[in-house]
Structures are given as structure tokens and as C-alpha cells.
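Chemist: Take a look at the following structure, please.
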Amino acid sequence: MDAIVRQDSGDVQSRLAQLGLKREHLIEVVKACVAGFTSCTDNDPPGAPGWLSWRWGVRRAREVLLPLGWEKSDSGISTVVNRSLKLRLAILNADEGAGSRDAVPQNRSRKGPNSERLAQVNRQMMPGAEDWPIPAGEPQESIEDFSTWHLCVNVGKDQVTAELTLLSDFEDGYFTRFIEKIIIVGSGEWNAIVFSEPDDDSPEPEVRVVRK
């Protein structure tokens, strides 16, 4: 079966609605990923930009989606989960394949067995994910019939691109195929997004006050 690519605005919004999402939600997460990446300087260790981009993206995804009924999960990998739709949303630092109609968005760093299992479950939707490693003390949840969509974010020197992707194949630590991609930020679109007026309906970031 041929992979599905969605880029037309109406098609994108309609498909995202089926997944319990809006493009505006995902743009908020992409902005957080970019902020995390660009917060680093030459004095940070080499892996810091990617890790901070992922960390800020996960946090913002939870800030945006938990008020809408999603739940956070740290089972195997850190995601947000929509139980009614049986899907998970993960954040992925990707290469230039993100936002491109024809390319597979590959992860920038080599992934392990948890990511491989996600791809297998997406492709086959077969039982067997119950043996994922989970943090000690966290109750185990059944995710064997959950699809996992990755918000793939590419922060490049000249532009930012992003897509929501249902990845399906995995080889030598890298994703190699996809079933469906929904382009969120295409090539050349980022500046228009950055300099546009903020969305008044965007959820406010969670602020934690700690007494010293």
C-alpha cells in the first residue's frame, strides 16, 4: 500500500481532527522544540541541543494536551496518550525528511528497542508490546493496540520543518519508512508562522511555583 501524504490545509485539519488534534496545538510544540534547541551555546555539550529540544517539546505537548483530556505516559518512552482514540504522541528530533513530501523523516540519533517496537506495532498492530521496559513503580498499561504518531521536528540552520508521522519500519537504529505523514510546517513556512500573531486560544504554559 502506498504511503499517504497530507499537505493541503483542509485535508490536514480534517485528519488532525480525527486524531484529536489541531495544527495550532502542534505548532505550539514545534515552537518549544525550537526554543530548546536554540537555547544552547557553544559551551553546551554536543548532545544538548537535541536533548533540550526533545525535553521542551514533550513538556509543551503535555501542557497543551493534558487539559484536553490526554494523559502523560512514561512507559517505554515519554509520550502523551489519548485512550479513547488509542493513540500516543511522541516527539522526535528529525532530519530534513520532516516536512518533505517524498522523504522519510529519520531520527538524528540512533534509537533503541522501544522505538523499534513502536514501528512494529504501527505496522502490524499485533500483540506483544506488553514487555516494554517501564520505570520502577509505574503501573503497567496495555498499549498493544495503540498507534504511535511522532511529531518529527527538524531544526536546521536555515529553516524549521515538521510533520506528524506514523512510522512503520526500523533498521539499525533508524526509522526507514512511514505509513502516513501530515505536514505541519513545510519548507519555507516557518518565518511566516514565527512572525504571525499569537493564537489567543493557545493554552498557557504551566507555571510551577516552588517555595524556597
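Chemist: Out of (1) in contact with a helix residue (DSSP H, G or I) (Cβ under 7 Å, 6 or more places away or on another chain); (2) among the basic types (Lys, Arg); (3) part of a strand (DSSP E or B), what's the single condition that is false for residue 60?
Modeler: In the conditions (1) in contact with a helix residue (DSSP H, G or I) (Cβ under 7 Å, 6 or more places away or on another chain); (2) among the basic types (Lys, Arg); (3) part of a strand (DSSP E or B), residue 60 misses (3) alone.
Chemist: For the stretch 8-34, which residues satisfy the criterion of being outside any helix (DSSP H, G or I) and either in contact with a Leu (Cβ under 8 Å, 6 or more places away or on another chain) or surrounded by 15 or more Cβ atoms within 10 Å (Cβ to Cβ) (or both)?
Modeler: 19, 20, 21, 22
Chemist: On to the next question. Any idea which residue in the stretch 35-69 is surrounded by the fewest Cβ atoms within 10 Å (Cβ to Cβ), counting only those that are among the aromatic types (Phe, Trp, Tyr) and either modelled with pLDDT of 95 or more or over 28 Å from residue 17 (Cβ atoms) (or both)?
Modeler: Among those residues, the one meeting the criterion is 51.
Chemist: If a residue has to be touching a Gly at 6+ places or on another chain (Cβ under 8 Å) and farther than 24 Å from residue 147 by Cα to count, how many in the stretch 1-31 make the cut?
Modeler: The qualifying residues number 0.
Chemist: Select from the stretch 70-105 the residues that are hydroxyl-bearing (Ser, Thr, Tyr) and surrounded by fewer than 23 Cβ atoms within 10 Å (Cβ to Cβ) and write down the one among them that is modelled with the lowest pLDDT.
Modeler: Within the stretch 70-105, the match that is modelled with the lowest pLDDT is 75.
Chemist: A follow-up question, please. Give all pairs with beta carbons closer than 7 Å in which a residue from the stretch 10-34 that is among the polar types (S, T, N, Q) meets a residue that is part of a helix (DSSP H, G or I); count only pairs at least 6 apart in sequence or on separate chains.
Modeler: What qualifies is 13/23.
The values are calculated or read from the model by the stated rules, or taken from the named source; none is laboratory data. Please read these numbers as outputs of a predicted model, since none were measured by experiment. No Cβ is skipped: glycine too gets one built from the backbone with ideal geometry, and neighbour counts run over all protein chains shown.
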